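The values are calculated or read from the model by the stated rules, or taken from the named source; none is laboratory data. In this text, all values refer to a predicted model and were calculated from it rather than measured experimentally. Positions of Cβ are backbone-derived with ideal geometry, glycine not excepted, and every protein chain shown enters the neighbour counts.
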């Protein structure tokens, strides 16, 4: 149960005690709220007493009469505005004039309750204010969260792009100054390394585009009946030149064809990422098996490799954005750290699951479970 503090500023004891009595057991609750709100009522008979309370125990809501002994309610409102106190002020007065309404509104009053008011009128006003406070607080939290996410994202992105750019710049300066000699072949290693870094940056940009497409939900999905084997075979053909370089054998197993309702481009992204990772983190001379089978109402896709494997602590992190496992065996392997998070988000779109089992030094298996939907 959350609590909001309400300060009642009125020189009439009956008004102050009446508000306290009305709100003593009053609760505000909506389905979209995490918890209900109750109210702690503070009382002040004068504007001076109200200011003292504000300085020592700032309320969330203030019910403020304008006609007070000493300084007037409108002066208390001016004080709140000057001190930039975050208080929702509701004027309660029998003498509300147009001039007062304009002045009070310009100084930050959010509402007026004319005296005498009924318990229901008071509760209705407090209920609306509570709802606005809750939604404002939620908006601020989302904005703060969004700013932190953007800051983290841009920090990681700038780091991922800065390092290869610095490397390429260094190699180009060495080539320009002919530091390795006058012959073009003297610079083959530098050129190859520069091309590798350019390829890494291009892959990062493509992964970012995929991630944006998946998370925005704005791209039109072309959901049709697709053959998983056909898409898996295309992904393997795409990755085969890389597999040949690593002397890694690719195998596609199962009964073809096997159809499912889905977006061919999304499914291809899933296969491309899993198969390329299985090659990238494999051992020279290793093997990648892609198995696709139908069991009951599910389709099971398994991508198995004979590579370096993952520890249990690594498995817990690999689906987080920009995470790359760093150890002695992976230090020379490039990647964006976005491939597996994209795979996870796409699988979620199909109400599917992905499971990982791995033995360090022996290999990993990524198992996808997709419910069949042929409607």
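Scoring residue 218 on the criteria (1) at pLDDT 80 or above; (2) outside any helix (DSSP H, G or I) leaves a single failure, condition (1).
Given the criteria surrounded by fewer than 13 Cβ atoms within 10 Å (Cβ to Cβ), within 27 Å of the chain's Cα centre (by Cα) and at pLDDT 70 or above, does residue 137 qualify? Criteria met by residue 137. Of all residues in the stretch 84-104, those satisfying the criterion of being closer than 24 Å to residue 69 by Cβ, modelled with pLDDT under 85 and surrounded by fewer than 18 Cβ atoms within 10 Å (Cβ to Cβ) are 94, 95, 96, 97, 99, 101, 103.
Quick one: which of 262, 296, 285, 307 is crowded, with 20+ Cβ neighbours inside 10 Å and either farther than 26 Å from residue 199 by Cα or without any contact (Cβ under 8 Å) to a residue 40 or more places away in the chain (or both)?
Only one candidate passes the filter, namely 262.
Note on the stretch 230-324: enclosed strands (runs of 3 or more DSSP E) holding 3 or more residues that are farther than 18 Å from residue 353 by Cβ and assigned by TED's automatic domain parsing to the domain that holds residue 350 are 249-254, 287-295. Among the conditions (1) in contact (Cβ under 8 Å) with a residue 60 or more places away in the chain; (2) at positive phi, the only one that residue 10 does not satisfy is (2).
Of all residues in the stretch 272-288, at least one satisfies being modelled with pLDDT of 90 or more, within 21 Å of residue 372 (Cβ to Cβ) and under 30 Å from the mean Cα position of the chain (by Cα).
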